[in-house]
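Encoded as structure tokens, the structure appears first; notes follow it.
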């Protein structure tokens, strides 16, 4: 989840959690419902005057037992626009059906995870959704790191059985951003990658190729970079890389 989405998510939690406390205070301090209704109406009117161009859609877990809510945020202003129970397609449908045609036309980008219910809902309701859906860097990095760690665990078991502890204590090295290494640790890590020719190293290389896509300014150059990495992933014969590459290609 990006910074604005995270802040908005906490804001959403703030609108949900205090309900019980509000009920406790109700006896001591009452506010006429008509005043609240007018305040909400004024807030919605002001919102209608400022069309939202960049949306963030994410699920947020709260309370216990993994209860989820769907949260839609205005990424430019860092505010919550919509909250609904659960994280299914119908949870997001409710947001889209509330939007008038001019509001939908004003939307330029929608950031989300590769969660099929949200993708399907957005494609069904937002004109030109294919050109406006953006899968954010955080979630792509999360999927890539999971693939790296899966291969590392599998390879570690094989190497350990053969008496080679090359991967002992290296878990977080494979997941760490290159900029967070000290110069000496970075040289040591690259030596491990180059000399051992581990499968884990090949998955890590693909992960870094994916992250480099976000450094491009021009869409055409970014697409060529991804296409090159995708072709390499299919030739790698490593199932986690191929699965990740195909998932990204589908979306």
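On inspection, residue 81 fails the criterion of being under 24 Å from residue 50 (Cβ atoms), free of Cβ contacts under 8 Å to residues at least 60 places away in the same chain, in contact with a helix residue (DSSP H, G or I) (Cβ under 7 Å, 6 or more places away or on another chain) and not in a loop (DSSP other than H, G, I, E, B). Considering (1) at pLDDT below 90; (2) farther than 24 Å from residue 137 by Cα; (3) exposed (fewer than 14 other Cβ atoms within 10 Å of the Cβ), the lone condition that residue 196 does not fulfil carries the number (3).
Looking at 153, 123, just one residue is assigned by TED's automatic domain parsing to the domain that holds residue 74, without any contact (Cβ under 8 Å) to a residue 12 or more places away in the chain and either in contact with a strand residue (DSSP E or B) (Cβ under 9 Å, 6 or more places away or on another chain) or part of a helix (DSSP H, G or I) (or both), and that residue is 123. The condition of being surrounded by fewer than 16 Cβ atoms within 10 Å (Cβ to Cβ) and under 13 Å from the mean Cα position of the chain (by Cα) holds for residue 134.
The values are calculated or read from the model by the stated rules, or taken from the named source; none is laboratory data. Quick caveat: nothing in here was measured; it's all calculated off a predicted structure. A quick note on method: Cβ atoms are made from the backbone with ideal geometry, for glycine too, and the neighbour counts reach across all protein chains shown.
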